[in-house]
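These notes concern the structure reproduced below.
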Amino acid sequence: MKRIAVLVSGGGTNLQALIDAQGRGEILGGEISLVISSSPDAYALERARQANIPSVVVNKADYPNSRAMTVALTEQLTQARIDLVVLAGFLYILTEELVDAYPNAIINVHPALIPSFCGPGAYGLHVHEKVLAYGVKVSGATVHFVSAECDGGPIILQKAVPVEEGDTPSLLQRRIMEQAEWKLLPQAVSLFCQDRLRVEGRIVHILP
C-alpha cells in the first residue's frame, strides 16, 4: 500500500475529491497518509481533520526562501515514508530538492490544457482569465508529473472542457473543477499506486 501525501495551500477542494474517491474505494493500492499545508489558516486542514488524516503546516512565512521551505517539506515527507506527493492547489514553486527526492513521484493538477496557459504566474483564477482573454473555445485540466520546469513534466491525463458564452473566470474555474480536475486527479493517483504508469522521456504510458 503506497503512502500518499497531499500538499495544499487553501480551501482543499482537490484534496476533498481525493478523500471522497478514497472513501468510494477508487484509489487502488494507496492511501492518503499525510496532508501538508503552506498556511496554518488553510481550510484544507479542516478537511484533513474531518477525514482523520494527519496534517502538518510548513508555513512559507517561516522560511527565508523557497529552497529552505522545500528542504523542510522534503524532510517531512521522507520522515513520513511517503511514496507519492500530490500537489493539490499548492501555490508555491518548489526547488529541485523535492524533485530529486521524488523523481516521477510528484503529481500536479493544472487547470488548463498544457502546454497552453501554464508556467510561472499561471495559477488559480489567473489561468482562466488568460483563457477567456485569448478567446479559446476549449480549456480543461492536466495532471502531470512534476519536473524542475514549472508545469513542464510529463503529462499523465488530460480532459477538455468547453468554454461557454458568458463565462467568467469563476464560472469556468468551477466547471473545469467539476468536469475535469476532480475526476482526473484521483484517477492518476490510483494509476500511480497500481504501478500502471511508465515514463519514457516526455511520454507517460498507461499500462493495462
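The values are calculated or read from the model by the stated rules, or taken from the named source; none is laboratory data. Predicted, not measured: the structure shown is a model, and the values here were computed from it. Cβ placement follows ideal geometry from the backbone for every residue including glycine, while neighbour counts extend to all protein chains displayed. Accessible surface is based on the protein model in full, side chains and every heavy atom, while ligands, DNA and RNA are left aside. Shrake-Rupley method; radii C 1.70, N 1.55, O 1.52, S 1.80 Å.
Under 5 Å between amide hydrogens, built in the peptide plane, is the criterion, and for Gly12 it picks out Ala44 among residues at least 5 positions away or on other chains.
For the options Gln158, Gln79, Gln173, a Gaussian network treatment of the chain with springs between C-alpha atoms closer than 10 Å singles out Gln79 as fluctuating the most. Filter the GluC sites (Glu not before Pro) in the stretch 141-178 down to the DSSP loop ones having no more than 14 other Cβ atoms within 10 Å, then list what survives. Loop-located and lightly packed - Glu149, Glu164, Glu165. Positive-end ranking of Ser170, Val143, Ile36 along the dipole of the chain, with charges on Cβ about the Cα centre, is headed by Val143.
Each residue was assigned an accessible area with a 1.4 Å probe, and for Phe117 the value is about 50 Å². Remark: accessible surface ordering of Tyr102, Tyr92 (largest first) is Tyr92, Tyr102, probe radius 1.4 Å. Please give the net charge around Leu73, taking every other residue with its beta carbon less than 14 angstrom from that of Leu73, where Lys and Arg add +1 and Asp and Glu add -1. Local charge sum for Leu73: -3. Just the protein heavy atoms count here, and of the accessible area of the chain at 1.4 Å, carbon and sulfur take up 51 percent.
Across the stretch 170-184, rounded Karplus estimates of 3J(HN,Hα) from the backbone phi angles (6.51 cos²θ - 1.76 cosθ + 1.60, θ = phi - 60°) give 5, 5, 5, 4, 5, 4, 5, 4, 5, 8, 10, 4, 6, 9, 5 Hz, Gly and Pro being marked x. The phi-based Karplus calculation (6.51 cos²θ - 1.76 cosθ + 1.60; θ = phi - 60°) puts the 3J(HN,Hα) values of the stretch 16-26 at 4, 4, 5, 4, 5, 5, 4, x, 8, x, 8 Hz, whole numbers, x for Gly and Pro. Working note: 222 nm ellipticity from helices only, DSSP H runs with n ≥ 4, each -39,500 (n - 2.57), summed and divided by the residues of the chain, gives -9500 deg cm²/dmol to the nearest 500. Counted over the chain, the DSSP beta bridges are approximately 45% antiparallel.
Could you tell me whether the stretch 1-123 comes out rounded, prolate or oblate from its Cα gyration tensor? Rule is a ≥ b ≥ c as square roots of the eigenvalues, rounded for a/c under 1.5, then prolate if a/b exceeds b/c, otherwise oblate. Verdict is rounded for the stretch 1-123. Normalised by the number of residues in the stretch 25-154, the mean separation of alpha-carbon contacts (under 8 Å, six or more apart) gives a relative contact order of 19 percent.
Here, P(r) means the percent of Cα pairs in each 5 Å bin from 0 to the largest distance; for the stretch 2-55 it is 5, 23, 34, 25, 10, 3, 0. Here the dipole of the stretch 1-144 is about 240 debye; that uses its Cα centre as origin and unit charges on the Cβ of Lys and Arg (positive) and Asp and Glu (negative). Calculated accessible area for the chain comes out at 47 Å² per residue, all protein chains present (probe 1.4 Å; ligands, DNA, RNA ignored).
The computed Cα extents along the principal axes in Å for the structure shown corresponds, within [x] 48, 43, 35; [y] 83, 46, 34; [z] 54, 48, 35, to [x].
How do Asp151, Asp62 stack up against each other in accessible area, from largest to smallest, with a 1.4 angstrom probe?
Result of the area sort, largest leading: Asp62, Asp151.
Using the Cα gyration tensor of the stretch 120-192, with a ≥ b ≥ c the square roots of its eigenvalues, what is the shape: rounded (a/c below 1.5), prolate (a/b larger than b/c) or oblate (neither)? Verdict is oblate for the stretch 120-192.
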